[in-house]
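The values are calculated or read from the model by the stated rules, or taken from the named source; none is laboratory data. Values in this document were obtained by computation on a predicted structure and should not be read as measured data. Ideal geometry is used to build each Cβ from the backbone, glycine not excepted, and the neighbour counts take in all protein chains shown.
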There are 2 protein chains.
Amino acid sequence: MSDLRIALAQINTCVGDIAGNAALILDRCRAAHALGAHVVAFPEMTTTGYPIEDLALRSSFQRAAARAVDEIAAALDAEALGELTVMIGTLGVSQAGRPFNQAVVIQGGAVVARYNKHHLPNYGVFDERRIFASGEDPCVVSPGGSPVGIAICEDIWQDGGTVAQLTGQGLRLLVVLNGSPFEEGKGHTRVELAARRAREVGAPVAYVNLWGGQDDLVFDGHSFIVSASGEVVASAPGFSDAMIVWDVPAAGTPALVSGIAPAEDLDEQTYWACVTGLRDYVVKNGFRSVILGMSGGIDSALTAAIAADAIGGENVVGVSMPSEFSSDHSKDDAADLAKRIGADYRVEPIARLVDGFQDQLALTGVAEENLQARVRGVILMGLSNREGHLVIAPGNKSELATGYATIYDAGSIGGFAPLKDLDKTRVWELARWRNAYAESRGEVAPIPESSITKPPSAELRPGQTDQDSLPDYALLDEVLDAYVEHAEGREELLARGFEPAVVDKVLSLVDRAEWKRRQYPPGAKVTALAFGRDRRLPITSRWRELEG
Amino acid sequence: MSDLRIALAQINTCVGDIAGNAALILDRCRAAHALGAHVVAFPEMTTTGYPIEDLALRSSFQRAAARAVDEIAAALDAEALGELTVMIGTLGVSQAGRPFNQAVVIQGGAVVARYNKHHLPNYGVFDERRIFASGEDPCVVSPGGSPVGIAICEDIWQDGGTVAQLTGQGLRLLVVLNGSPFEEGKGHTRVELAARRAREVGAPVAYVNLWGGQDDLVFDGHSFIVSASGEVVASAPGFSDAMIVWDVPAAGTPALVSGIAPAEDLDEQTYWACVTGLRDYVVKNGFRSVILGMSGGIDSALTAAIAADAIGGENVVGVSMPSEFSSDHSKDDAADLAKRIGADYRVEPIARLVDGFQDQLALTGVAEENLQARVRGVILMGLSNREGHLVIAPGNKSELATGYATIYDAGSIGGFAPLKDLDKTRVWELARWRNAYAESRGEVAPIPESSITKPPSAELRPGQTDQDSLPDYALLDEVLDAYVEHAEGREELLARGFEPAVVDKVLSLVDRAEWKRRQYPPGAKVTALAFGRDRRLPITSRWRELEG
């Protein structure tokens, strides 16, 4: 047995559930000890969950976090786990009363070292300079006499700071506590980065990441260890509880490879990111079931499939709300979907209700179309109120971006929008992936084939299709990606070869839709740059890319 | 005539309206020149409007701002205003491509100096470290040979930085360009701060502030100048276009007092802040009219009065939507209100529509109450769609905080909530102030007396009043202020002497209502610490103050 066995506990903490997180920490300390580990490390801000936003500024919350650390240390000692070196993240407080994003090291029933995160990310989804003070000093502890350094997440993404301070210090291991959100393709970047830091400090790097959903963020886990030469020697799967155990080699002895998780393809990762985001939003907020409108279209079909994978089809209520314009195939597809996933299926026709409003208001055109859509919203909210289901919104990113949606309809109301960060093209891809995955396992494909193949339509007037109002989705999504995600201007879009008419159409749609987006529920963020928290744009703004 | 006459142009810029802002700058430069000014200074980020959030990161927007500065310089020169020294705020870009919050000094048709804001606020409503790089160098220009220093807003609120660099440099004047949002009581703080900085640098401080509404912020203007000894020698009124002109005294000569704006009391300031916030949200977003539900209660009455003051009563559509539980006095008060403010008044009964849903859904209890409320939301959205009015939401801060409201009802839907940052106690106070103001001017009081005096009720069941569910508002608002605004915990609240039962009731209401608040429209922020952008709290969180 090695003299330095490290365990990385990849867990799903819950923001604010300090008692639950502490229990989880103790449970995994016991497991690590049983596996012969000398050191066990947990993700960023383990006791409090992550990210805690302005909760960090509440002194009552700061006190509760401090109490939890003391109680964990005492409990470890009481259980005769005192010789285990435990590295957990928590909320610290400076002498001046400012919060720190902190790692504490527990040994022998007491906190023996504290490290305060040096580099505070303040871009994209991160607001850490808003709430935390920055640490200045490195931290090295010596379990069994081996020097082990600590860093927290962003500390290895920026040059300088603690990693530079630890270089040349003869470390045996660098442990990094992370709360790194999922982005498509980010796994490779993390490994390359850790390999570079391993070579810089001349020691293996153990990277332990949080997994689970928190509001519009999904953390994917995918913890790993790279050797001093930058080779992956151990890795954990994504979106699940896991523990990596690895023997740190003595100087001059080769690094042995521990378990390596099988690689997942991008569709698979993104699909489980969506499932994780929805499941944790539902469960952590205390709901047991969800309700959504089932139109027979691809968006509600994929949303329902994700919901069934997240909390079980029996906890999904699908409501078909046909109008006079709903086609037979739509009603059939909705019923078929519900049957495939085992959902509680209801039919609530809206024609009579719409007629009631129309007798009084006599709306026409888009106002009339939106009325139908909003009557559906009222039905869902009523059933939600009566039965306690969380309403979920199947709106996708392409329609949110272009404003091709009714405010307060069944596609936009509710507490969570699982597809909010998937463009329409990606919705189709993930639906196909999910069906193929079922087929590869000999299971029933959850999504009716015709929901995938038929032309998309809101069915709010006879013969309507999305392409009456929008460019073809493949083209639309390409322009949206460049304009919204990569902040390219009209000039850059034209230089790429997009036709001026298409560019101008898309830009004018997006510019006008900007304010609408603020009224939609949060959804899981799964791509690198997404609408929502990582874009702060004024609502009141006269800036129009077309005229600028 | 003095050798150094300074003009401060207090204007209302619009975010993104670069052409409009540039035209406004040129217009005020002409006016300042006609008044014999040697120097004219404008508020923070004049060309782009403020705050521009992530628009700062778009290169097309950066280019447009740079072009605007060049065009303003050329236009000044072409109009023979080249000898005027013009200080405007704009969006600069560093060599490395990072945005600066910048002041440029224009003389003789060219930019002669640039100053980049040193202290970047990153708390409350401010996110400046997210988008801007920090400047390091001070900037002194010499109109007519007099050394004049420049700072931007937060630079004078923090010690060190540019003000420290300018101390002892023999300045004749320090000009500060500001985008300082309104807070109740902040006026005094600004003057005291400027007076301190004036004594530090040994020169008068000229403080020019933005006014106008931008999303949930209201900037109040209230520009002023303090002498080198810290006396106010000139001041502008709030919430209006204004220009201060003042002759900077030669060394050893006394400072003369220019115009001093009359003091406004706090109710008056807050009322006009609400009017400004709504008016600019409507006008800058291209609407001409608003629509709201008029229940006869105090919230919709004050909201309607604010709307009438903002855009004229003839542009306010008030819809009475009585149910079977609506009292006669409610209907009478709503009609009376509409008549007093000259609103377009409609009556749309909801009983028959609610019955239609009930025939199908048979809801009971709270679900039935909420159904009534949401049918009203559908009616307002339908009329909004048909006629182009912006829907505004009369919900107040006390009910948002406690979740005492229906999601998607007439109190919460729409684009702007004028009372979102006023607690119920303040709603009554401002209603009384507005009526007294009318009476003092011999005008009709806009708000029916009985809307102010009757017990508040949602009228969703017979005999219902707010106090069936909530503590008395005076007490509730006091606890809310301590818990929400000042982040006090249960321990601190009990130590203040609040009864445990009241504290626990309020805390459990707020903790459960937290997620609801994310689904409400923006409203003007008028107090120091408010719900919304300056509080980032997780939605998914198990933290409960009561259990913590």
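Can you tell me which of B:I152, B:I131 is among the β-branched types (V, I, T) and within 14 Å of another protein chain (Cβ to nearest Cβ)?
Working: B:I152 fails: within 14 Å of another protein chain (Cβ to nearest Cβ).
When all the criteria are applied, what remains is B:I131.
Considering every residue within segment A:37-56, establish whether at least one is of a type in the set (S, T, N, Q), touching a Gly at 6+ places or on another chain (Cβ under 9 Å) and surrounded by fewer than 24 Cβ atoms within 10 Å (Cβ to Cβ). Steps first, answer last, please.
Applying the first criterion (of a type in the set (S, T, N, Q)) to segment A:37-56 yields A:46-48.
Within this subset, residues satisfying the condition of being touching a Gly at 6+ places or on another chain (Cβ under 9 Å) are A:46-48.
Adding the requirement that they be surrounded by fewer than 24 Cβ atoms within 10 Å (Cβ to Cβ) leaves none.
No, segment A:37-56 has no match at all.
Cβ separations smaller than 8 Å between residues 6+ apart or across chains give the following pairs from segment B:191-206 residues that are at positive phi to residues that are surrounded by fewer than 24 Cβ atoms within 10 Å (Cβ to Cβ): B:G202/B:T167; B:G202/B:G168; B:G202/B:G170; B:G202/B:L171; B:G202/B:A228. State which residue pairs qualify: first residue over 15 Å from A:D332 (Cα atoms) and within 11 Å of another protein chain (Cβ to nearest Cβ) and inside segment A:343-356, second residue charged (D, E, K, R) and buried (at least 19 other Cβ atoms within 10 Å of the Cβ) in any location, beta carbons under 8 Å apart, and separation of 6 or more residues or different chains. Cβ pairs passing all conditions: A:I350/A:R376.
Wholly within segment A:70-137, which strands (runs of 3 or more DSSP E) include no fewer than the required count, namely at least 1 residues that are of a type outside the set (S, T, Y), crowded, with 23+ Cβ neighbours inside 10 Å and within 27 Å of the chain's Cα centre (by Cα)? So that I can check it myself, show each step before the final result.
Details: elements: A:85-93, A:99-107, A:110-116.
Of the strands (runs of 3 or more DSSP E) lying wholly inside segment A:70-137, those with at least 1 residues that are of a type outside the set (S, T, Y), crowded, with 23+ Cβ neighbours inside 10 Å and within 27 Å of the chain's Cα centre (by Cα) span A:85-93, A:99-107.
Set side by side, the residues A:L256, A:L292 differ, and just one is touching a strand residue (DSSP E or B) at 6+ places or on another chain (Cβ under 9 Å) and free of Cβ contacts under 8 Å to residues at least 40 places away in the same chain, which is A:L256. When A:F287 is tested against (1) modelled with pLDDT under 95; (2) part of a helix (DSSP H, G or I), exactly one condition is not met: (2).
For A:G160, indicate whether it is in the same structural domain as A:N12 (by TED's automatic domain parsing) and farther than 30 Å from A:V282 by Cβ.
Working: in the same structural domain as A:N12 (by TED's automatic domain parsing): yes; farther than 30 Å from A:V282 by Cβ: yes.
In short, yes.
Would you check if B:L507 is within 23 Å of A:A68 (Cβ to Cβ), at pLDDT below 85, out of contact with any strand residue (DSSP E or B) (no Cβ under 6 Å at 6 or more places or on another chain) and of a type in the set (A, V, I, L, M, F, W, C)? No: the conditions fail for B:L507. Of the residues making up segment A:1-28, those that are outside any strand (DSSP E or B) and under 22 Å from A:A261 (Cα atoms) are A:I11, A:N12, A:T13, A:R28.
A:G144: within 14 Å of chain B (Cβ to nearest Cβ), surrounded by fewer than 18 Cβ atoms within 10 Å (Cβ to Cβ) and over 13 Å from A:V176 (Cβ atoms), yes or no? Spelling it out, it is not the case that A:G144 is within 14 Å of chain B (Cβ to nearest Cβ), surrounded by fewer than 18 Cβ atoms within 10 Å (Cβ to Cβ) and over 13 Å from A:V176 (Cβ atoms).
Against the test of being among the acidic types (D, E), on the phi < 0 side of the Ramachandran plot and within 14 Å of another protein chain (Cβ to nearest Cβ), the options A:D70, A:D27, A:D77, A:D17 yield a single qualifying residue, A:D17.
Among the residues that make up segment A:117-127, is at least one of them away from chain B (no Cβ under 14 Å) and in contact with a Lys or Arg (Cβ under 9 Å, 6 or more places away or on another chain)? Before the answer, list the steps.
If we filter segment A:117-127 for residues that are away from chain B (no Cβ under 14 Å), which is where we start, we get A:117-118.
Narrowing further to those that are in contact with a Lys or Arg (Cβ under 9 Å, 6 or more places away or on another chain): none.
Scanning segment A:117-127, I find no residue that is away from chain B (no Cβ under 14 Å) and in contact with a Lys or Arg (Cβ under 9 Å, 6 or more places away or on another chain), so the answer is no.
On the basis of being touching a Gly at 6+ places or on another chain (Cβ under 7 Å), farther than 30 Å from B:L507 by Cα and buried (at least 19 other Cβ atoms within 10 Å of the Cβ), does B:V375 make the cut? The answer is no for B:V375. Among the residues making up segment A:147-157, those that are closer than 18 Å to A:G202 by Cβ, of a type outside the set (A, V, I, L, M) and crowded, with 22+ Cβ neighbours inside 10 Å are A:G149, A:D155. Among the residues of segment B:416-442, the one identified as in contact with a Cys (Cβ under 9 Å, 6 or more places away or on another chain) and in a helix (DSSP H, G or I) is B:L430. Out of all the residues in segment B:318-340, is one or more part of a helix (DSSP H, G or I), within 24 Å of the chain's Cα centre (by Cα) and either buried (at least 23 other Cβ atoms within 10 Å of the Cβ) or modelled with pLDDT of 95 or more (or both)? Within segment B:318-340 (the criterion being part of a helix (DSSP H, G or I), within 24 Å of the chain's Cα centre (by Cα) and either buried (at least 23 other Cβ atoms within 10 Å of the Cβ) or modelled with pLDDT of 95 or more (or both)), the answer is no, since none of the residues qualifies. The criterion of being part of a loop (DSSP other than H, G, I, E, B), modelled with pLDDT under 95 and out of contact with any His (no Cβ under 8 Å at 6 or more places or on another chain) holds for B:P462. Which of the residues that make up segment B:378-394 are buried (at least 18 other Cβ atoms within 10 Å of the Cβ) and small (G, A, S)? Correct list: B:G382, B:S384, B:A393.
In the set B:A487, B:A474, B:A445, only one residue is part of a loop (DSSP other than H, G, I, E, B), surrounded by fewer than 21 Cβ atoms within 10 Å (Cβ to Cβ) and not assigned by TED's automatic domain parsing to the domain that holds B:C274; that residue is B:A487. For B:D265, only one of the following conditions fails: (1) acidic (D, E); (2) surrounded by fewer than 16 Cβ atoms within 10 Å (Cβ to Cβ); (3) within 14 Å of another protein chain (Cβ to nearest Cβ). What is its number? Evaluating B:D265 over (1) acidic (D, E); (2) surrounded by fewer than 16 Cβ atoms within 10 Å (Cβ to Cβ); (3) within 14 Å of another protein chain (Cβ to nearest Cβ) leaves (3) as the failure. Only one entry in A:T453, A:T465 is under 30 Å from A:T364 (Cβ atoms) and free of Cβ contacts under 8 Å to residues at least 40 places away in the same chain, namely A:T465. Taken over segment A:30-65, the residue count meeting the criterion of being more than 14 Å from chain B (Cβ to nearest Cβ) and without any contact (Cβ under 8 Å) to a residue 24 or more places away in the chain is 1. For beta carbons closer than 6 Å, sequence separation of 6+ or different chains, a first residue in segment B:151-168 that is within 11 Å of B:Y115 (Cβ to Cβ) and a second that is crowded, with 16+ Cβ neighbours inside 10 Å and among the acidic types (D, E), the qualifying pairs are B:I152/B:E44; B:T162/B:D155.
Tally up the residues in segment B:358-372 that are in a helix (DSSP H, G or I) and either within 7 Å of chain A (Cβ to nearest Cβ) or buried (at least 22 other Cβ atoms within 10 Å of the Cβ) (or both), please. Of the residues in that region, 7 qualify.
Going by what's in this entry, would A:E443 be described as within 27 Å of A:F416 (Cβ to Cβ) and at pLDDT below 90?
Spelling it out, it is not the case that A:E443 is within 27 Å of A:F416 (Cβ to Cβ) and at pLDDT below 90.
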